[in-house]
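Some notes on the structure that comes next.
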Amino acid sequence: MTDKTVTITVDEDGEIKFLVDEHSKPFITPETVVKRASHVEPANPLLRVMFHGLRSVCSRQSSLAEFTRMWPCDWRINLAPMKIDRTLSTRK
């Protein structure tokens, strides 16, 4: 058996933050508010505007959404709630 680690952060207002995965699910109660922590989006500002515009009018499972995931451009991980950005050379 391997050790499992769940990192939990409690801010000065008592708000608790942690990433949800199979090891942290026992900490989730019916009162827990789960929010998405990141978005993968084009690094280029113009492509980013086009990407979000297209994605705002289609479902995540649509062929249009799938098309936007395949754009051959640099991608960034937008961790806005954590105030961190990362740039990727590919979505994979």
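Quick note: the coordinates plus some simple rules give every number you see, no bench work behind them. Here the structure is a predicted model, which is why all the values come from computation and not from measurement. No Cβ is skipped: glycine too gets one built from the backbone with ideal geometry, and neighbour counts run over all protein chains shown.
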(request) Would you work out the charge dipole size for region 9-88 about its Cα centre, treating the Cβ of every Lys and Arg as +1 and the Cβ of every Asp and Glu as -1, and quote it to the nearest 20 debye? (result) 400
(message) Along the charge dipole of the chain, pointing to its positive end and built from +1/-1 on Cβ of Lys, Arg, Asp and Glu, which listed residue (M70, V49, H23) has its Cα farthest out?
(response) M70
(message) Can you match percent of Cα pairs over 20 Å apart to one of these, (i) 23; (ii) 52; (iii) 46, based on a calculation from the structure here?
(response) (ii)
